[in-house]
Amino acid sequence: MLIDIKIPTPGESITEVEITNWLVNDGDLVIKNQELAEVESDKATLALTATESGKIHIMLPAGSSAKVNATACTIDTDFAPQAITAVPASPHPSKATDNTDGQAAPISHDENSGQVKISPVAQQMMEAHHLSIDDVLNGLRRLGARDVEAVIHQNSNITGASVPAESRESTRQKMSPLRKKLSQRLVSVKNETAMLTTFNEANMSAVMSLRHQYNQPFQEKHGVKLGLMSFFIKAVTLALTEFPAVNSMIDGDDIITAHYADISVAVQTPKGLMVPVIRNAGQLSLAQIEHTLKELAEKARAGKLSIDEMSGGTFTITNGGVFGSMLSTPLINPPQSAILGMHAINDRPVAIDGKVEIRPMMYIALSYDHRLIDGKDSVGFLKRVKELVENPIQLMTQGKNPEQLLLDLM
């Protein structure tokens, strides 16, 4: 029986996607729940999954565009051998079948075959087609220059042999819908906003001391590491209540100001930059923020983020410091009007009580749309974030001075 495998729906407003990569070959025997291909829209990457076991016939090649609900391939269940059973659905995207179907197991071979290993699914396929390892190897006897270069390179890594001369080859690949959409958005930000950037620097001594002293008990109790991002997210949510214009956006002739903080956090993934959203971040504890960050980052890198998880943020934070950036001007994430840029922490000489001291310092940057946010609000907001990060105990007292709060002077 032939079963159609159709293009899934990435989101309500998306009607067309691109098949970026087939994880199996035409004519392969596949297993129920096996991931067959990666399908990418301008917002997310989805997996195409086998609904039954059988022989696959690919109808849409990699790189082609397809309408949602179009048939990407068919599976002939009459070819499904009894040995092949359904595998559990995986939460993570897979690579080629032979790399993801379990631990490779050694099989018998003649003395001319060399030391060969084969995965369980590959062995099941060979049995179904009555093929031996030598039959498969004989089908691979033709070697190209790249095959030889790959072996030479592999041997040079092991033996220290000289590396082949630098290649003069170049590659060309089609821009993915996600990258294309990102490019359009970045250009529109430059062209359609009056973007300015203001800078400050934060003394990270207090936060670094807290992390050094309490990271282990924090991790033991909450099951997650105490990172830097949660301090900045918490500081931003408090600063936004004091400078609501920074949490606003332009909609036609109207200004919409959110009285809540849904913080978008930029995450670098193999597919490009993803910006998942932490909802109601101001109501979360540091531990809750860290758990949410970890979950969203893992889903982003696995290509499993939903459209809802990337939509509706009111303010964005990006951390170029993880890549070593000392200073940058981050680009606004539309339709938002501002973005905070974190950077690398470096020991620098600073003046403290009239003396030069060495402290772990971080440059911070706020890019903002000057059509909506005035200099007073942008500078004041960034200065407030600096103050809260330098005095993290205020994150617990809603930004109020704990000593004045204790003495009822607020």
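Report, ordered by chain and residue number, the lysines lying within cross-link reach of residue 400, taken as a straight Cα distance under 18 Å and ignoring same-chain residues fewer than 8 apart.
Once the sequence-local lysines are set aside, what remains near residue 400 is 234, 383, 386.
Restricted to Cα positions, what overall size does the stretch 305-410 have along the principal axes? Three whole-Å values, descending.
Computed over the stretch 305-410, the largest-to-smallest principal extents equal 47, 37, 31 Å.
What nm value, rounded to one decimal, do you get for the distance between residue 291 and residue 167 when each label is placed 7 Å out toward the C-beta?
About 4.6 nm separates the two model spin labels.
When the convex hull of the Cα atoms of the stretch 175-278 is projected onto a plane and the area is averaged over all directions, what value comes out in nm²?
Here the figure is 9.8 nm², rounded to one decimal.
Over 20 Å between Cα atoms, which of 67/299; 225/304; 67/181; 32/55 qualify? Don't skip to the answer; put the middle values down first.
Working: 67/299 25 Å; 225/304 23 Å; 67/181 17 Å; 32/55 11 Å.
Distance filter (> 20 Å) returns 67/299; 225/304.
Enumerate by residue number the trypsin sites (Lys or Arg not before Pro) in the stretch 191-275 meeting two conditions: DSSP loop (anything except H, G, I, E, B), and at most 14 other Cβ atoms within 10 Å of the site's Cβ.
Working: sites: 211, 221, 225, 234, 271; in loops: 225, 271.
Those that pass, being in a loop and sparsely packed, are 225.
Could you work out how much longer the chain between residue 205 and residue 220 gets when fully extended? Use 0.36 nm per residue separation minus the Cα distance between them, nm to one decimal. The partial results should precede the final answer.
On the way: separation 15, 0.36 × 15 = 5.40 nm, distance 2.33 nm.
Residue separation times 0.36 nm, minus the Cα-Cα distance, leaves 3.1 nm.
Give me the one-decimal nm value for the distance between modelled label points at residue 241 and residue 393, 7 Å along each residue's Cα-to-Cβ direction.
The modelled label-to-label distance comes out at 1.9 nm.
Treating the Cα atoms of the stretch 215-353 as identical point scatterers in vacuum, please give the log10 of the normalised Debye intensity I(q)/I(0) at q = 0.10, 0.19 Å⁻¹, two decimals.
-0.36, -1.21
Cut-off 12 Å, label point 7 angstrom out along Cα-to-Cβ of residue 250: give me the residues of the stretch 299-336 whose amide nitrogen falls inside.
Answer for the stretch 299-336: 336.
Find how much the distance from residue 346 to residue 298 grows on full extension, using 0.36 nm per residue of separation minus their present alpha carbon separation; answer in nm with one decimal.
Stretched out fully, the residue 346 to residue 298 stretch lengthens by 14.5 nm.
Read the figures in this text as sums done on the coordinates, not as results from a lab. Keep in mind that what you see is a predicted model, and the values were worked out from it rather than measured. Positions of Cβ are generated from backbone atoms using ideal geometry, with glycine treated the same way; all protein chains shown enter the neighbour counts.
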